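**Q** Mind having a look at this structure? Questions to follow.
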């Protein structure tokens, strides 16, 4: 992504050295992109009722390309307002830039084109914030940190790669369930046995200490059956992206 910043700096430095015709062509290109975005928003708006879908499991989107491929159409539809704002910004400021170029006010035209990127940048920030729970378990960690300060256990069902954000944000160690230790930790044995089977999880569930089990939404019903067949304590206390947090305490 840093290549675009470098390209922007190069374009800004070259702006004073290029002829007026190329400046106008650049401003027109920005306006055309805005028109294309506006057209895309209109097409998506008409097709919105027929667009749906759900996110897949976390393991299917551990790279940026796989994440984009896994992103359902309904998620793209939710970004329509930001695309519309970006389209209006591009068209509006490109027209201002064209006017300033023909008035021989090159520096002001460059500022106008730069200003057109402000709404686009802010929209990107909002889009990342909306989709972040589907790529990271940071929200789960924020929920659990204050609740684990006085004790308790956090248990994650999923491969080690999927829990990388949980390792980073959670302030204490957690357990894994239904994972192969040789696959997830092939270089030596961990200092403590962090890999549990389902019976060990159920044993902890029946103890007084709080247990927080983090599973994919598709696995929630399975764990509810396993827990409620032995205990009467089952609560779904939080949701983040495609994950839910189950607990033996509220």
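The values are calculated or read from the model by the stated rules, or taken from the named source; none is laboratory data. This structure is a prediction, so every number in the text was calculated from the model and none was measured. Methodologically, a virtual Cβ is constructed for each residue, glycine included, from the backbone with ideal geometry; neighbour enumeration extends over all protein chains shown.
**Q** Might you let me know whether the stretch 190-199 holds any residue that is in a helix (DSSP H, G or I), at pLDDT below 90 and touching a strand residue (DSSP E or B) at 6+ places or on another chain (Cβ under 8 Å)? Give the steps one after another, and end with the answer.
**A** As a first pass, look at the stretch 190-199 and keep what is in a helix (DSSP H, G or I): 198-199.
After this cut, where a residue has to be at pLDDT below 90 as well, the list is none.
Within the stretch 190-199, not a single residue is in a helix (DSSP H, G or I), at pLDDT below 90 and touching a strand residue (DSSP E or B) at 6+ places or on another chain (Cβ under 8 Å).
**Q** Can you find a residue in the stretch 97-104 that is modelled with pLDDT of 90 or more, farther than 28 Å from residue 17 by Cα and in the same structural domain as residue 17 (by TED's automatic domain parsing)?
**A** no
**Q** How many residues, within the stretch 162-178, are under 17 Å from residue 132 (Cβ atoms) and assigned to a loop (DSSP other than H, G, I, E, B)?
**A** Count: 1.
**Q** Residue by residue through the stretch 9-68, note down the ones that are modelled with pLDDT under 65, loosely packed, with under 12 Cβ neighbours inside 10 Å and not in a loop (DSSP other than H, G, I, E, B).
**A** Those that are modelled with pLDDT under 65, loosely packed, with under 12 Cβ neighbours inside 10 Å and not in a loop (DSSP other than H, G, I, E, B): 47, 49, 50, 64.
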